[in-house]
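A.B. asks: Take this structure, written in structure tokens, and hold onto it; I'll ask about it next.
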Amino acid sequence: MNPRDAEGYLEFAYRMALAAGEAILPHFREIIDVEDKRNVMGYDPVTIADRAAEEVIRAEIIARIPTMASMARNTASTAARLLSHG
């Protein structure tokens, strides 16, 4: 990877982090529900803030790379959604 590519990726990651922060901020210091997505590792908490940040990041990636299928940690990834690239 050349330095120009690295700089572009860093800027993209920075913009995604800011956008995710904006999605999370309304939930900061608020009482919110915590869902246990219990899996083979045991307790696996997720909140509305987690899902909001994930959705923003996923949308940013898809906007930049429209042909990219995505899987998400806190959102169900169905075959139909992956095949539709959204």
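A.B. asks: What is the order of 36, 44, fewest Cβ neighbours within 10 Å to most? Please list the in-between numbers first.
C.D. replies: On the way: 36 10, 44 13.
Placing the least packed residue first, the sequence is 36, 44.
A.B. asks: Which whole-Hz couplings ³J(HN,Hα) result when phi for each residue of the range 57-62 is put into the Karplus expression 6.51 cos²θ - 1.76 cosθ + 1.60, θ = phi - 60°, listed in order with x for Gly and Pro?
C.D. replies: 4, 4, 5, 4, 5, 5
No lab work stands behind these numbers, since they all come straight from the coordinates. These numbers come from a predicted model, not from an experiment. Don't worry about glycine lacking a Cβ; one is built from the backbone with ideal geometry, like all the others, and counts go over all protein chains shown.
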